[in-house]
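Structure first, then comments.
The values are calculated or read from the model by the stated rules, or taken from the named source; none is laboratory data. Please read all numbers here as calculations on a predicted model, not as lab measurements. We place every Cβ from the backbone using ideal geometry, glycine too, and count neighbours over all the protein chains shown. Just the protein is used for accessible areas: all its heavy atoms, side chains included, with ligands, DNA and RNA removed. Shrake-Rupley method; radii C 1.70, N 1.55, O 1.52, S 1.80 Å.
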Amino acid sequence: MRPRVGQMLASTVDTTAVIVVRCPDGELEITCGGAAMTEGNGPGSATTGAPHPDLMGGSLLGKRYADEDLGVELLCTKPGPGTIAVNGVPLPVKSAKPLPASD
């Protein structure tokens, strides 16, 4: 899949839905629960299977999942029990930038 900024992706194995915030110019395999995510907004998407038992880390509403090395960032718009991954590597939650000291 060649994702594009603003694209909505939905899991085919659970309720997870994400929006692509940042992505490289190339092919990526974006998965949730071990199954490829498809274009769509989630609620109308049909669940076609069960998540892989080893990929049940879950996703959290409003959290950004990113990999700086790949240059990909996804925003979770609907949580679910499946783990979000890119090219087979689970994406960690993006940490907040520290604010400057106000001394």
### Query
Taking R0 as 41 Å, what's the FRET efficiency between V5 and A101 from their Cβ-Cβ distance, rounded to 0.05?
0.75
### Task
Take the Cα atoms of region 8-90, find their three principal axes, and give me the spread along each one in whole Å, biggest first.
30, 25, 22
### Task
For the chain, with all protein chains present and a 1.4 Å probe, just round the carbon and sulfur fraction of the accessible area to a whole percent.
57 percent
### Message
Pairs of alpha-carbon atoms within less than 8 angstrom and 6+ residues apart define the contacts here; what relative contact order does the chain have, in percent?
### Response
31 percent
### Message
Given the options A35, V89, G58, identify the residue whose Cα lies farthest towards the positive end of the charge dipole of the chain (+1 on Cβ of Lys, Arg; -1 on Cβ of Asp, Glu).
### Response
G58
### Net charge contributed by nearby residues that have their C-beta within less than 11 Å of M8 (K/R +1, D/E -1)
+1
### Query
What does the accessible area per residue of region 8-90 come to in Å², with a 1.4 Å probe and no ligands, DNA or RNA counted?
48 Å²
### Task
Quote the charge dipole size of region 8-90 about the Cα centre in Debye, to the nearest 20; the model charges only the Cβ of Lys and Arg (+1) and of Asp and Glu (-1).
400 debye
